[in-house]
Amino acid sequence: MSSSNIAQDEGDQRLVQVDSNINPTASINYWNSVPATATSMLGMLGTYPWYTRIDLRGSRSFLAKTRRLIPGCSTEGKLHRAVDCGAGVGRVTEGFLRHVCDVVDAVEPVEKFTDVLCASEMKKTGVVGDVYTLGLEDWVPAEGRKYDLIWIQFCVGHLSDAQLLELLRRCRGALAETGMIVFKENMSTDPAGNDMYDEEDSSVTRTNEKFRALFEEAGMRVIISELQLGFPKNFKLLPVRFYALRPKV
């Protein structure tokens, strides 16, 4: 075996090891230890109100750009139905999705977070639709339901590559004619270009290359991708990247 093949095999083994470290029980236990508030969802960044303002403003701008790139997609008014994947207590729905969508379903595995959502004013007024207390690995879109927007933010690090691939395939089948999937996720900064495992919450931070390979395998194409801008340079944050996906023709 050549030295280059050995190096490739060793790299593949490291990636498999990172992926296999994900422990769903440990992840749920971690998030159950976090208070059910919007600021606590951001960890230490919850003490910095500017973070969520920049985050939500960037999301709204990216969605507007994406809508302009999809033939037949209205660029004015609200989309009809969205789903907030990894919704937590509804930070993203409250600050962003409810302003651009008529109804927002929510998928969130931690019951105390979905309890907050179900008791919220957004739920009482019908802005929040169906609430699923499920991990994304177990969530199956309701039969016949079509989404204009599937928003997936800061949550797929708790899924293995295989689970993420299957989620993408299920979501692809649940898209409306002009519907889109948007990922917003931290990017790995590993010097060797590998995914990174975080023991604190049992999650994986993937590389841009890994995400794109999974999108391709799931039959999705990236119609636009960009980094979230505007965070102060003195804060050592992981890069955050958007991907807007549509099914391959």
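Quick notes on this structure:
- The relative contact order of the chain comes to 19 percent, based on Cα pairs under 8 Å that sit 6 or more residues apart.
- Amide H to amide H, with H built 1.01 Å from N, TYR132 comes under 5 Å of ALA106, VAL107, GLU108, counting only residues 5 or more places away or on other chains.
- Working note: Karplus 6.51/-1.76/1.60 with θ = phi - 60° gives the range 127-133 the couplings 5, 8, x, 6, 10, 10, 8 Hz, where Gly and Pro are set to x.
- Backbone phi angles across the range 50-61, fed through the Karplus curve with coefficients 6.51, -1.76 and 1.60 (θ = phi - 60°), yield HN-Hα couplings of 4, 4, 5, 4, 5, 4, 5, 5, x, 5, 5, 5 Hz in residue order; Gly and Pro are listed as x.
- Net charge dipole size for the range 175-214 [Lys, Arg +1 and Asp, Glu -1 on Cβ; Debye, nearest 20]: 280
- Contact order relative to length of the range 19-161, as percent, for alpha carbon pairs under 8 angstrom and 6 or more apart: 26
- Taking amide H as placed 1.01 Å from N in the peptide plane, TYR147 has its amide H under 5 Å from the amide H of LEU175, ALA176, each at least 5 places away in sequence or on another chain.
- Whole-Å semi-axes of the range 185-249's equivalent ellipsoid (Cα gyration tensor): 23, 16, 9
- Between the helical axis of 161-173 and the longest alpha-carbon principal axis of the chain there is an angle of about 40 degrees.
- Residues whose placed amide H lies under 5 Å from that of GLN228, excluding near-sequence neighbours: VAL240, ARG241, PHE242
- Projecting the Cα atoms of SER20, ILE224, GLY157 onto the charge dipole of the chain (Cβ charges, centred on the Cα centre) puts ILE224 farthest toward the positive pole.
- Relative to its residue count, the chain spans a Cα convex hull of 136 Å³ per residue.
- In this structure, the residue pairs whose Cα-Cα separation is over 28 Å, taken from LYS210/LYS233; LYS184/LYS236; LYS78/LYS210, are LYS78/LYS210.
- Computed with the Debye formula from one identical point scatterer per Cα of the range 93-196, without solvent, the log10 of I(q)/I(0) at q = 0.10, 0.20, 0.23 Å⁻¹ comes to -0.32, -1.16, -1.42.
- Our coupling estimate for the range 185-195, obtained by passing each phi through the Karplus curve with A = 6.51, B = -1.76, C = 1.60 and θ = phi - 60°, is 9, 5, 10, 5, 10, 4, x, 8, x, 9, 5 Hz, Gly and Pro reported as x.
Every number in this text was worked out from the coordinates using simple rules, so none of it is lab data. Everything quoted here is computed from the prediction, not taken from an experiment. Heads up, the Cβs are rebuilt from the backbone with ideal geometry, glycines too, and the neighbour counts pull from every protein chain shown.
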